[in-house]
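J.: Take this structure first; my questions come after.
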Amino acid sequence: MSYAQHKQLSGNRTVAIVVVALIHALLGYAIVTGLAYNVIKKAAQDLKTFDVEEEPPPPEEPPPPPKDMPDVPPPPVTPPPLVRMNTPPPPIAVVESPVIPPIPPVVQAPPPPPPPPPPRKVQSAQSAKGDLRTLFSADDYPASAQSSGAEGTVRASLTIGPDGRVVACNVTQSSGNGSLDSATCNILRRRAKFTPARDQNGQPVTDTITTPPIRWQLEG
């Protein structure tokens, strides 16, 4: 409905209201004065000829869209932005790892140095005075062995030093009497004299020899 039509309709409504009010006033007066019949008849005729309100014209329908127009989808609805609360992160559990003591390094001891090779003997020690049995006499017979009538044969292993002297004596064959065994080693250490053994360079070295059997026998 246009603005002019709306204004005209409002004016008609005002006029109708005024007319209705006048009619009511006339009817009251007619009733009072005895002229109600004529007044009511006149008012009914006037109402038939007076249009109180005009019906508004129907609204115009919008024209249909052209057939070749593509269907335009409605614009997407953008959701409102999410408001994130500043929630603190959960606490992180700290697991303490066990303290492993450091393993001390393995220190390997250096291998012991190899023993020096024994000197190579080219010439063995030899007696400087011939047969060792000539070193003994009847005066060397121990008194305890004589009183007990002990006799026997002794053999010993002698260690000869670089100077040709006996440095050690070990009985390898006992006579059965300790006095005779001890007397044998004591005499050899004191009296025996040897030519020392020598190596490939001609230097005197230590050597070991075994004595011949030494017989202890009492005179008859």
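Table: residues versus (1) basic (Lys, Arg); (2) surrounded by 14 or more Cβ atoms within 10 Å (Cβ to Cβ); (3) touching a strand residue (DSSP E or B) at 6+ places or on another chain (Cβ under 7 Å); (4) in contact (Cβ under 8 Å) with a residue 40 or more places away in the chain.
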| site | (1), (2), (3), (4) |
| --- | --- |
| PRO116 | no, no, no, no |
| ARG120 | yes, no, yes, yes |
| SER144 | no, no, no, no |
| LEU158 | no, yes, yes, yes |
| PRO162 | no, yes, yes, yes |
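J.: Scanning the stretch 165-177 for residues that are without any contact (Cβ under 8 Å) to a residue 40 or more places away in the chain and open to solvent by less than 50 Å² (accessible area, probe 1.4 Å), which turns out farthest from SER124 (Cα to Cα)?
T.: The extreme case among them is ASN177.
J.: Restricting to the stretch 208-220, and then to whatever is open to solvent by 60 Å² or more (accessible area, probe 1.4 Å) and touching a residue at least 40 places away in the same chain (Cβ under 8 Å), can you tell me which residue is farthest from THR159 (Cα to Cα)? Give the steps one after another, and end with the answer.
T.: Of the stretch 208-220, the ones open to solvent by 60 Å² or more (accessible area, probe 1.4 Å) are 208, 210, 215, 217, 219-220.
This time we only want the ones that are touching a residue at least 40 places away in the same chain (Cβ under 8 Å), so: 208, 210, 215, 217, 219.
Working: THR208: 4, THR210: 9, ARG215: 21, GLN217: 26, GLU219: 32 Å.
Of everything passing the filter in the stretch 208-220, GLU219 is farthest from THR159 (Cα to Cα).
J.: Consider the stretch 140-157. How many of its residues are over 16 Å from LEU188 (Cβ atoms) and assigned to a helix (DSSP H, G or I)?
T.: Looking only at that region, the number is 6.
J.: I'd like the full set of residues that are free of Cβ contacts under 8 Å to residues at least 12 places away in the same chain and of a type in the set (S, T, N, Q), limited to the stretch 183-194. Before the answer, list the steps.
T.: Of the stretch 183-194, the ones free of Cβ contacts under 8 Å to residues at least 12 places away in the same chain are 186, 190.
ASN186 - this is the single residue of the stretch 183-194 that is free of Cβ contacts under 8 Å to residues at least 12 places away in the same chain and of a type in the set (S, T, N, Q).
J.: Please go through the stretch 188-207 and give me each residue that is under 30 Å from SER144 (Cβ atoms) and either surrounded by fewer than 18 Cβ atoms within 10 Å (Cβ to Cβ) or among the polar types (S, T, N, Q) (or both), ordered by number.
T.: Of the stretch 188-207, the ones under 30 Å from SER144 (Cβ atoms) are 188-194.
Across the stretch 188-207, the qualifying residues are ARG189, ARG190, ARG191, LYS193.
The values are calculated or read from the model by the stated rules, or taken from the named source; none is laboratory data. Keep in mind the model is a prediction, meaning the values are calculated, not measured. When we count neighbours, we look across all protein chains shown, and the Cβ atoms used for this are built from the backbone with ideal geometry, even at glycine. With ligands, DNA and RNA removed, areas are computed over all heavy atoms of the protein, side chains included. Shrake-Rupley method; radii C 1.70, N 1.55, O 1.52, S 1.80 Å.
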